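What follows is a set of notes on a single structure, which appears directly below.
The values are calculated or read from the model by the stated rules, or taken from the named source; none is laboratory data. What you are looking at is a predicted structure, and each value in this text was computed from that prediction instead of being measured. Backbone-built Cβ (ideal geometry, glycine too); neighbour counts: all protein chains shown.
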Amino acid sequence: MNALLKYRIAKSKTLHVLTSVLAFACVLPLMAILSFIIKAGITKINWHFLVNIPKPVGEAGGGIANALLGTLIIIAVAAAIAIPVGILCGVYLSENKNSRLANWSRLCVDILQGVPSIVIGIVAYFWLVKPLGGFSAFSGSVALAMMMLPIVIRSTEETLKLLPDSLKEAAFALGTPFHRVILKVIIPCGISGILSGVMLSVARVAGETAPLLFTAFGNPYLSANITKPMQSLPLLIFNYATSPYNDWHDLAWGASFILLVFVLLLNISTKLMTKKWKVQL
Amino acid sequence: MESTVIKTVDYNAYFGDNRVVKDVNISIPKNHVIAVMGPSGCGKTTFLRGINRMHELIPHAKADGKIFLHNEDVMQMHPIFVRLKIGMVFQRPNPFPNLSIYDNVIAGYKLNGIKLQRADKDKIVEEALTKVALWNEVKDSLRKKGTFLSGGQQQRLCIARAVAMLPEVLLFDEPTSALDPISTSTVEELFHELKKNYTLIIVTHNMQQAARVSDRTAFFYMGELVEYDDIKKMFTNPKDNRTQNYITGRFS
């Protein structure tokens, strides 16, 4: 009897230790990536690096201003497309839980989430780049927006589903029309969840390279024209890291560091923001 | 002769094919408190929600018959317009969690996009909160969130929100079932005050409450309006067997 008891206690202790060890193990990859990139990248960062465009091979110095600006523009345009569409679609899904359209669109959203990013890039190439007659930052934004949509839609839907029906009833009982119930009550009450979905989707696509390869294409010069090719951080990293030049490798490390910091900051500010704006029900 | 505010003619309400309110004919006089009581599932809440067309918000719900607000058929009016005239307070307090106490009171104006001068807003808020006996408790914390109040205060805030729209009729769906006894008696006292300006219809599953607050009581059973009379008459001399059985506690 006693032996059995000891055996059972030992078993539960083992599982306890195992879960703790594995939980810690999950932290290791991130720590490894962080320390590696910081070590290699931080020494390359200075003011000059941020405000200059790359120099031709053989010349020392040069920066990543074109890629930095390009990434910001491409993501901003992508967000401008994906956020309104995604939020409204999420509202539809949470308002019409079991309609046929809702079930189909939920299925499609789930599948879209699983579509490889390179495939999305190819689709954007055939939809936009070919008809418009050339690579453009805008087509890259559309590709990224397609990747952001599922995250925004599902987080909006899940957030709004958690709001109690009594809230909507309260608004309806005051004679409020449907559109104002959604815009003035439902979305403001779920704003922290919706925003966190938006931020995570931005963080998710900030480092996407594949969809930009055949769309935004890259550009060695500073450009803010979204109808023309544009450089972006992931493209710069991809092109320069695979080049044979040491100067370019340095730029790629520095750019990796910047990109990583950008994504980390996004994630941290999402956490802070959701906490601050959470509506106490 | 007292004037009638609400009058229903053969009103039926359904969930899918299930008829839960059956041919109800009732006249509700102005400035009275009408209690609607009956066992669980007798259709009393559905009937109440039918009056301001909230019933039809539920999927597969429908209704027929006529409901007259004065001489206009509510069933033919736009629901939004109906709900401006007939306010509603729910079982659980449901202030808007994203709004302050002040904004909760004028939520009906805000949500309907009615622009008001600052002075008018202040006046509406003070009047509505005074009517529900909440002004003195919250006048120094109007900018705090509505959910910061206690349950009973929240419910009075919800009543103030409905009152601020100056409706003709106020519907209450078991307004005290989520409240403690002290808050309950505060709310019940309010009914006596409110009926000076409004007509009140209160669903309750509590016979004592019906007796305390109502001028007239409607007894619902299995979707039918069984009896509609002064509650004292109902207690002493019920006309229908089912009323007698309910009052004597043979079913609940």
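Inspection of segment B:66-86 finds a residue satisfying the criterion of being within 11 Å of chain A (Cβ to nearest Cβ), touching a residue at least 40 places away in the same chain (Cβ under 8 Å), outside any loop (DSSP other than H, G, I, E, B) and touching a Pro at 6+ places or on another chain (Cβ under 6 Å).
The rows are residues; the columns are (1) modelled with pLDDT under 95; (2) of a type outside the set (A, V, I, L, M, F, W, C); (3) more than 30 Å from A:SER141 (Cβ to Cβ).
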| residue | (1), (2), (3) |
| --- | --- |
| A:ILE37 | yes, no, no |
| A:THR43 | yes, yes, yes |
| A:PHE49 | yes, no, no |
| A:GLY63 | yes, yes, no |
| A:ILE74 | no, no, no |
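In segment B:149-252, counting only helices (runs of 4 or more DSSP H) that sit wholly within it, the ones holding 2 or more residues that are more than 19 Å from the chain's Cα centre (by Cα) span B:181-194, B:231-236, B:241-247.
Assess whether A:LEU174 counts as being within 14 Å of chain B (Cβ to nearest Cβ) and in contact with a Gly (Cβ under 7 Å, 6 or more places away or on another chain). So A:LEU174 fits the description; yes. Determine whether segment A:218-238 contains at least one residue that is part of a helix (DSSP H, G or I), in the same structural domain as A:MET146 (by TED's automatic domain parsing) and surrounded by fewer than 22 Cβ atoms within 10 Å (Cβ to Cβ). Checked segment A:218-238: at least one residue is part of a helix (DSSP H, G or I), in the same structural domain as A:MET146 (by TED's automatic domain parsing) and surrounded by fewer than 22 Cβ atoms within 10 Å (Cβ to Cβ). Total residues in segment B:54-65 satisfying the condition of being at the interface with chain A (Cβ under 10 Å from one of its Cβ atoms), in a loop (DSSP other than H, G, I, E, B) and surrounded by fewer than 22 Cβ atoms within 10 Å (Cβ to Cβ): the figure is 2.
From the list B:ALA128, B:ALA119, pick out the single residue that is surrounded by fewer than 14 Cβ atoms within 10 Å (Cβ to Cβ) and assigned to a helix (DSSP H, G or I). On inspection, the qualifying residue turns out to be B:ALA119.
Is one or more of the residues making up segment A:251-267 small (Gly, Ala, Ser) and surrounded by fewer than 21 Cβ atoms within 10 Å (Cβ to Cβ)? Taking every residue of segment A:251-267 in turn, none turns out to be small (Gly, Ala, Ser) and surrounded by fewer than 21 Cβ atoms within 10 Å (Cβ to Cβ). When we screen A:SER155, A:SER105, A:SER99 for residues that are among the small types (Gly, Ala, Ser), over 21 Å from A:PHE214 (Cβ atoms) and within 14 Å of another protein chain (Cβ to nearest Cβ), the only hit is A:SER99.
Counting residues in segment B:180-188 that are within 14 Å of chain A (Cβ to nearest Cβ) and in contact (Cβ under 8 Å) with a residue 24 or more places away in the chain gives zero. For segment B:97-137, a residue qualifies if it is touching a residue at least 40 places away in the same chain (Cβ under 8 Å), within 13 Å of B:ALA162 (Cβ to Cβ) and within 14 Å of chain A (Cβ to nearest Cβ), and the qualifying residues are B:ASN104, B:VAL105, B:ILE106, B:ALA107, B:GLY108, B:TYR109, B:ILE124.
This table checks each residue for (1) in contact with a strand residue (DSSP E or B) (Cβ under 9 Å, 6 or more places away or on another chain); (2) hydrophobic (A, V, I, L, M, F, W, C); (3) farther than 30 Å from A:ASP165 by Cβ; (4) surrounded by 15 or more Cβ atoms within 10 Å (Cβ to Cβ).
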{"position": "A:VAL51", "(1), (2), (3), (4)": "no, yes, yes, no"}
{"position": "A:GLY58", "(1), (2), (3), (4)": "no, no, yes, no"}
{"position": "A:LEU69", "(1), (2), (3), (4)": "yes, yes, yes, yes"}
{"position": "A:ILE111", "(1), (2), (3), (4)": "no, yes, no, no"}
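Of the residues making up segment B:134-148, just one is within 27 Å of B:SER214 (Cβ to Cβ) and crowded, with 21+ Cβ neighbours inside 10 Å, namely B:LEU134.
The residues of segment A:1-49 that are assigned to a helix (DSSP H, G or I) and either closer than 18 Å to A:ALA241 by Cα or touching a residue at least 60 places away in the same chain (Cβ under 8 Å) (or both), listed by number, are A:ILE33, A:LEU34, A:PHE36, A:ILE37, A:ILE38, A:LYS39, A:ALA40, A:GLY41, A:ILE42, A:THR43, A:LYS44, A:PHE49. Return yes or no: is A:ALA170 in contact with a Cys (Cβ under 8 Å, 6 or more places away or on another chain), more than 17 Å from A:ALA78 (Cα to Cα) and not β-branched (Val, Ile, Thr)? Yes: the conditions hold for A:ALA170. Among the residues of segment B:157-179, the one identified as free of Cβ contacts under 8 Å to residues at least 40 places away in the same chain and closer than 22 Å to B:VAL82 by Cα is B:LEU166. Criterion applied to A:LEU167, A:LEU160, A:LEU128 was being within 14 Å of chain B (Cβ to nearest Cβ), in contact with a Ser or Thr (Cβ under 8 Å, 6 or more places away or on another chain) and part of a helix (DSSP H, G or I), and the one residue passing it is A:LEU160. The set of residues from segment A:239-257 being outside any helix (DSSP H, G or I) and not β-branched (Val, Ile, Thr) comprises A:SER243, A:PRO244, A:TYR245. Checking the structure you have, find out if any residue of segment A:136-152 is in contact with a Ser or Thr (Cβ under 8 Å, 6 or more places away or on another chain), crowded, with 19+ Cβ neighbours inside 10 Å and of a type in the set (Ser, Thr, Tyr). Yes, the conditions are met somewhere in segment A:136-152.
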